[in-house]
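Take a look at the structure below.
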Amino acid sequence: MPKGEPHSSVVFLGGGRITRALCAGLQLAGDRREIVVYDRNPEKLRALRRESRVAAERDLKSALERAAIVVVAVRPASVAEMLAAVRACGTAPELSVSLVAGMPLRSLRAWLPNVRWVRAMPSPVCRIASGLTSLCFDRAARKQDRTRVRELFEQVGQVVEIPEQQFDVFTATFSSSHGYHGVRTLAEQARRAGLDRKTALMAAAHALCDGIQYWRESGSTLDELLHEAATPGGTAAATMAAMDQAGYARVVAKGLAAGIGQARRNAKR
């Protein structure tokens with residue numbers, strides 16, 4: 001891919017899973033801007049080029065010189081080192097988006113000042129342009145910054161703007177891992193109860209996916225649908241009651257608390 005004009009590209013710092021998902025989703029959506037990915041791992045860059053035809057870059061300064069928007073997509077433990085390297089290049093981007101879970105805007109501003117920061121948390125489902133991304137803007141962000149960032153992520157799914165104090169709770173709640181974990185757990189227990197593996201997976205997947213799709217399209221409330229599906233005296237009502245009595249709500253609350261706690265520990269690194 002030929003190099004784009006200076007300060008015209010979307011530049012990802014880090015070529016991991018979420019970068020791969022976003023690049024695939026943007027390509028699927030028909031985004032025509034040059035997408036540049038900087039990473040020191042040549043294997044990651046080769047995989048990205050094969051999958052999404054991005055421009056791979058192993059020189060950080062060259063990548064930054066091409067950036068209209070920089071997207072920081074590294075692990076929490078690596079973000080300080082990455083931003084120090086950006087600062088050392090002397091080519092700090094004006095508008096940067098952080099995908100680093102748990103990392104507050106105040107820390108990002110301290111490591112790389114004079115930058116208009118945005119926090120974003122996209123779902124891996126953005127790979128098929130059907131994800132959900134939460135956004136939180138730094139106080140220095142301009143109206144045109146908000147528009148540019150929203151338009152970028154709206155190409156790969158729904159966008160919601162939330163206050164930063166809600167970011168960790170939202171991150172722990174909206175992960176697609178809840179769906180995968182739920183299907184796997186339900187299918188495994190159905191298998192133990194007597195279904196073969198293929199049938200158990202099919203039944204569990206339909207239980208979650210069909211119910212959620214119907215809720216989203218019907219306009220009914222969850223209480224109305226639960227009343228409709230779990231008829232008193234029926235098998236579904238007995239199943240739901242037993243799960244609640246066994247502490248289903250407490251298990252979910254404990255899981256969310258662990259996720260929120262991990263995000264907050266990340267911020268202290």
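The values are calculated or read from the model by the stated rules, or taken from the named source; none is laboratory data. Quick caveat: nothing in here was measured; it's all calculated off a predicted structure. When we count neighbours, we look across all protein chains shown, and the Cβ atoms used for this are built from the backbone with ideal geometry, even at glycine.
Please count how many residues of segment 51-69 are within 20 Å of the chain's Cα centre (by Cα) and free of Cβ contacts under 8 Å to residues at least 60 places away in the same chain. Quick ask: steps written out before the conclusion?
Applying the first criterion (within 20 Å of the chain's Cα centre (by Cα)) to segment 51-69 yields 51-52, 54, 69.
Now drop any that are not free of Cβ contacts under 8 Å to residues at least 60 places away in the same chain, which leaves 51-52, 54.
Count: 3.
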By residue number, the members of segment 187-198 that are without any contact (Cβ under 8 Å) to a residue 12 or more places away in the chain, in a helix (DSSP H, G or I) and surrounded by 12 or more Cβ atoms within 10 Å (Cβ to Cβ) are GLN189, ARG191
Log entry, pairs with first residue in segment 82-104 being without any contact (Cβ under 8 Å) to a residue 24 or more places away in the chain, second being basic (Lys, Arg), beta carbons closer than 7 Å, six or more apart or on different chains, reads GLU94/ARG116
GLY157 passes all but one of the listed conditions (1) surrounded by 17 or more Cβ atoms within 10 Å (Cβ to Cβ); (2) small (Gly, Ala, Ser); (3) assigned by TED's automatic domain parsing to the domain that holds ALA207; the exception is number (3)
Of the residues in segment 22-46, those that are more than 20 Å from CYS89 (Cβ to Cβ) and touching a Gly at 6+ places or on another chain (Cβ under 8 Å) come to GLY25, ARG33, LYS44
Taking segment 38-54 and the residues there that are in contact with a helix residue (DSSP H, G or I) (Cβ under 8 Å, 6 or more places away or on another chain) and outside any helix (DSSP H, G or I), the one that is surrounded by the fewest Cβ atoms within 10 Å (Cβ to Cβ) would be ARG53
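Here's the yes/no breakdown for (1) outside any helix (DSSP H, G or I); (2) touching a helix residue (DSSP H, G or I) at 6+ places or on another chain (Cβ under 9 Å):
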position: GLY182; (1), (2): no, yes
position: THR185; (1), (2): no, yes
position: ALA200; (1), (2): no, yes
position: CYS209; (1), (2): no, yes
position: ILE212; (1), (2): no, yes
position: GLU228; (1), (2): no, no
position: GLY233; (1), (2): yes, no
position: MET240; (1), (2): no, yes
position: ASP244; (1), (2): no, no
Among MET82, MET103, the single one that is touching a Leu at 6+ places or on another chain (Cβ under 8 Å), assigned by TED's automatic domain parsing to the domain that holds PHE153 and of a type in the set (A, V, I, L, M) is MET82
